[in-house]
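Note sheet for the following structure.
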Amino acid sequence: MAYDLQEQEQIDALKGFWAQWGKLIGGAVLAVSLGFIGYKAWHAYQKSLAEQAAVVYSQLEQQLQAGQLDKVKATVAALQKDYPASAYAANGTLLAAKLAFDSKELGFARGQLKWVVEHAEKDDTLQAVARLRLAAVLLDEKQYDAALAELAMAHPVAFDAMFLDLKADVLVARGDIGGAREAYKAALAKSAPEAPVREFIQAKLDSLGS
């Protein structure tokens, strides 16, 4: 097939372009393709992990309902080891800590709550809940300074009243009645007018006298 001069020049120019840039363009297309495949594979892997974690969490729920603390310890350890970044691990650990606290195994409860604090950095709400519960465990163990240190940590504003209320409880236990009174007052100031907890905080404040 014959080409005129203009067509031949265009063909030659195109050949020259691909000769110079063909490998680079081909490499870029390959990189994008591999990146897309990798992205899909990663999400498939994450979905598979989540499904596996859900199965283990379901077992944990059954053990928690039955109050089988020994089995709970083993199952939550598996969640933490195999799926540490999942919500199932953090939530399961909180529930395991509650069962341990109710069973008077404060050391285990404390360890589980510390795990949540350390692994829930991206979820400040979950971390705040863990800190509150950890401070409560430390209060029960009479580790007042450690409890106050947890309550002094940064947390969402929505938790201010609860942190201050528990801080006051710790100060009462430590014998600092003046400090406790101020903390209860601050907790009242931070709590919503319609919050049911206000009445409870007020009652504790009143019990300290003026």
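Restricting to the stretch 94-123, give me the number of residues that are of a type outside the set (Gly, Ala, Ser), assigned to a helix (DSSP H, G or I) and surrounded by 14 or more Cβ atoms within 10 Å (Cβ to Cβ).
Selection size over the stretch 94-123: 15.
Within the stretch 142-182, the set of residues being surrounded by 14 or more Cβ atoms within 10 Å (Cβ to Cβ) and charged (D, E, K, R) comprises 150, 160, 165, 167, 169, 174, 176, 181, 182. Do the conditions hold for residue 187, that is, is it among the small types (Gly, Ala, Ser), surrounded by fewer than 16 Cβ atoms within 10 Å (Cβ to Cβ) and over 16 Å from residue 138 (Cα atoms)? So residue 187 fails the test. Could you please let me know if residue 77 is touching a residue at least 24 places away in the same chain (Cβ under 8 Å) and under 17 Å from the mean Cα position of the chain (by Cα)? Considered against the rule, which asks whether it is touching a residue at least 24 places away in the same chain (Cβ under 8 Å) and under 17 Å from the mean Cα position of the chain (by Cα), residue 77 comes out as no.
Among residues of the stretch 116-133 that are in the same structural domain as residue 92 (by TED's automatic domain parsing), those with a Cβ under 7 angstrom from a residue that is assigned to a helix (DSSP H, G or I) and acidic (Asp, Glu), sequence gap 6+ or separate chain, pair up as 131/150. Go through the stretch 200-210 and give me each residue that's loosely packed, with under 10 Cβ neighbours inside 10 Å and at pLDDT 90 or above. If the condition is that a residue be loosely packed, with under 10 Cβ neighbours inside 10 Å and at pLDDT 90 or above, then 207 is the only one that fits. Just one of the listed residues (66, 100) is farther than 25 Å from residue 139 by Cα and either of a type in the set (Asp, Glu) or over 19 Å from the mean Cα position of the chain (by Cα) (or both), namely 66.
The values are calculated or read from the model by the stated rules, or taken from the named source; none is laboratory data. Just so it is clear, the model here is predicted, and its values are computed rather than measured. Neighbour counts are summed over all protein chains in view; Cβ atoms, including those assigned to glycine, are modelled from backbone coordinates with ideal geometry.
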